[in-house]
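None of the figures in this text is laboratory data; all of them are computed from the coordinates on show. None of the values given here were measured: they were computed from a predicted structure. We place every Cβ from the backbone using ideal geometry, glycine too, and count neighbours over all the protein chains shown.
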Amino acid sequence: MNIDSLSESQKYYINGFLMREFLESETLNALRGLLIHLNSTNKLDEGFSWESKYSNTFDLRHSAHEYNGVFMDVLFENNIPEILLSLIGPEYTLSHIQVRKSKKGPSYMPWHRDAYFIDGNLVGNTPPAHKIIFYPKILKEEPKLEIIKGSNICTYQKSTADQFVLPGCSQFDTEIMKIMDKKSYCSSDSQFLLFNSSALHNVLPDIDDSGSIRVIYSFITKDQYVEKYSSKNVHKNINEDYEKRLKV
């Protein structure tokens with residue numbers, strides 16, 4: 001069967017990612033405007049703050065979901081739950097919404113997988129999370145994230161710690177990157193990236209003083225949500241809102 005004749009779900013399985021456009025609407029305008037504003041200010045509504053998890057980055061706390069309803073609205077206006085159902089099935093649910101900004105400087109997260117094995121132990125979720133990421137264009141369209149096509153189905157599970165060159169990136173991964181295609185995702189007025197988080201991906205460094213900001217949605221299996229996240233209020237509130245809207 002020619003790859004061009006495959007269904008979208010088959011292509012997503014093989015490639016590990018797809019890119020789509022949000023609908024042009026008041027909701028998208030509000031999302032873009034809010035993210036661009038947040039990128040340029042340290043002043044937040046009462047009860048919220050910027051916290052640094054990785055070098056040169058700042059995450060919106062305590063909850064992006066509670067900061068503004070537009071982060072959830074854009075998912076449903078664009079039928080994201082139906083898209084996910086068609087691509088990965090009914091087992092997945094929303095566990096987290098993150099807003100993260102980064103400043104000019106080195107990448108805070110170079111080549112890595114979110115889910116991998118090391119010394120016989122699992123790091124991350126298996127089955128892996130699927131993520132949606134949207135970088136609004138600040139000054140101009142710029143490459144923000146790279147992903148290795150098909151690396152989500154090309155893994156090596158016997159890696160030991162001494163075989164890793166970076167956290168989440170093994171010597172095996174560096175070899176497959178030499179022969180597999182690389183795709184870049186750029187900041188955009190409307191385009192988002194959906195990807196299997198076990199695929200090799202690389203956050204590109206910010207080169208402008210304006211830095212960058214992104215919103216990241218994490219979808220995991222319902223069993224994983226119950227086991228790992230349902231007892232934490234920030235995840236519980238997000239998930240309850242998502243599941244409630246699914247029933248409307």
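Among the listed pairs 53/104; 101/244; 144/222; 103/144; 53/149; 101/144, those whose Cα-Cα separation exceeds 19 Å are 101/244; 144/222; 53/149.
In plain terms, the residue of 133, 118, 238, 213 with the fewest other Cβ atoms within 10 Å comes first and the most crowded comes last, giving 118, 133, 213, 238. For residue 169, the residues whose amide H sits under 5 Å from its own are 113, ignoring neighbours fewer than 5 places away on the same chain, with H placed 1.01 Å from N.
For region 128-208, the alpha-carbon radius of gyration amounts to 1.21 times the rule-of-thumb value 2.2 N^0.38 Å expected for a compact globular protein.
Averaged across orientations, what area in nm² does the convex hull of the alpha carbons in the chain project?
Details: hull surface 57.3 nm².
Its Cα hull, projected and averaged over all orientations, spans 14.3 nm².
Using C-alpha pairs under 8 Å with a sequence gap of at least 6, the mean separation divided by the residue count of the chain gives a relative contact order of 31 percent. Full extension of the chain segment joining residue 149 with residue 42 gains 34.9 nm, where the gain is 0.36 nm per residue of separation less the Cα-Cα distance. From the alpha carbon centroid of region 59-132 to that of region 23-42 is 19 Å. For region 39-103, relative contact order (Cα pairs under 8 Å, six or more residues apart, normalised by length) works out to 37 percent. Between amide H atoms placed 1.01 Å from N, distances below 5 Å from residue 186 occur with 144, all of them 5 or more places distant or on a separate chain.
Summing Cβ point charges (Lys, Arg +1; Asp, Glu -1) relative to the Cα centre of the chain gives a dipole of roughly 320 debye. Computed over region 53-146, the range of Cα coordinates on each principal axis works out to 43, 39, 28 Å, biggest value leading. For region 22-136, what relative contact order do you get, as a whole percent, if you take Cα pairs closer than 8 Å and at least 6 residues apart? RCO, region 22-136: 25 percent.
Taking a ≥ b ≥ c as the square roots of the eigenvalues of the Cα gyration tensor, region 196-239 is oblate, since a/c reaches 1.5 or more and a/b is not larger than b/c. Derived scalar couplings between HN and Hα for region 124-138 equal x, 8, 9, x, x, 5, 10, 10, 10, 10, 9, 9, x, 6, 8 Hz in order, rounded to whole Hz, by the Karplus curve 6.51 cos²θ - 1.76 cosθ + 1.60 (θ = phi - 60°), x for Gly and Pro. By the Cα gyration tensor, region 150-248 has an equivalent ellipsoid whose semi-axes, rounded to whole angstrom, run 30, 22, 14 from largest to smallest. Gain on full extension, evaluated as 0.36 nm per residue between residue 52 and residue 140 minus their Cα-Cα distance, stands at 29.1 nm. Return the aspartates and glutamates within reach of residue 178: Cα separation strictly under 17 angstrom, same-chain partners fewer than 8 residues apart disregarded; answer none if there are no such residues. Within the straight-line limit of under 17 Å, residue 178 reaches these aspartates and glutamates: 146. What does a probe at residue 232 reach in region 48-77, counting residues whose amide N is under 16 Å from the point 7 Å along Cα→Cβ? Inside the label zone: 51-54, 59-66.
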